[in-house]
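Below: the structure, in structure tokens.
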Amino acid sequence: AGLGAAREAMLERPALRTVLVQLVLSAASDPDEGTRSKVVRLLCNQLAALPGLGDVIQQHAAAALDTLLHAPPPDTGLAEWTMGEAGRHCELYATLCVRHHELLPR
């Protein structure tokens, strides 16, 4: 319900897009796989096409991917990256690559 409300508000009130997309992006690496999956689909399938949001979403995804370079993972209390932690930080970027092949390294 919250994701749908955020999407509708972004469609109806373009002035709020920047603030609202940041809220949605904050859930793109949610520990809950179901929530994260819904957020990633919303970002990639609907919000990335809105004016001004595609670049913001791609930059956030790249920054999340860059966190994998840090050891130990930030804000987790873990000594090293686990597959689950790494996956939740790269899911958005990997999903964006399906539609935007230019994001893949050459």
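The values are calculated or read from the model by the stated rules, or taken from the named source; none is laboratory data. Remember, predicted model here, so these are calculated numbers, not experimental data. As a convention, Cβ positions derive from the backbone with ideal geometry for all residues, glycine included, and neighbour counts pool all protein chains shown. These accessible areas exclude ligands, DNA and RNA; they are computed on the full protein's heavy atoms, side chains included. Shrake-Rupley method; radii C 1.70, N 1.55, O 1.52, S 1.80 Å.
Quick notes on this one:
- Per residue, the chain exposes 62 Å² of accessible surface when a 1.4 Å probe is rolled over the protein heavy atoms with every protein chain present.
- Prolate/oblate/rounded call for segment 66-106, Cα gyration tensor, a/c under 1.5 rounded: prolate
- Fluctuation leader among Leu42, Leu53, Leu69 - the chain, Gaussian network, Cα springs under 10 angstrom: Leu69
- Prolate/oblate/rounded call for segment 1-65, Cα gyration tensor, a/c under 1.5 rounded: oblate
- 11 Å beta-carbon shell around Gln58, net charge (K/R +1, D/E -1): -1
- Sum of -39500 (n - 2.57) over DSSP H runs of 4+, divided by residues of the chain (222 nm, nearest 500): -19500 deg cm²/dmol
- Carbon and sulfur %, accessible surface of the chain computed with the full protein complex present, 1.4 Å: 57 percent
- Relative to the 2.2 N^0.38 Å rule of thumb, segment 31-106 has a C-alpha radius of gyration ratio of 1.14.
- Segment 35-106: GluC sites (Glu not before Pro) falling in loop per DSSP and having at most 10 other Cβ within 10 Å: Glu80
- Mean sequence separation of contacting Cα pairs (under 8 Å, at least six apart), scaled by the length of the chain, corresponds to a relative contact order of 23 percent.
- Local net charge near Leu16, Cβ-Cβ under 14 Å (Lys/Arg +1, Asp/Glu -1): +1
- Pairwise FRET efficiency - His70 versus Leu23, Cβ, R0 = 30 Å, nearest 0.05: 0.80
- Among residues other than Gln46 with Cβ under 13 Å from its Cβ, the summed charge is +4 (Lys and Arg +1, Asp and Glu -1).
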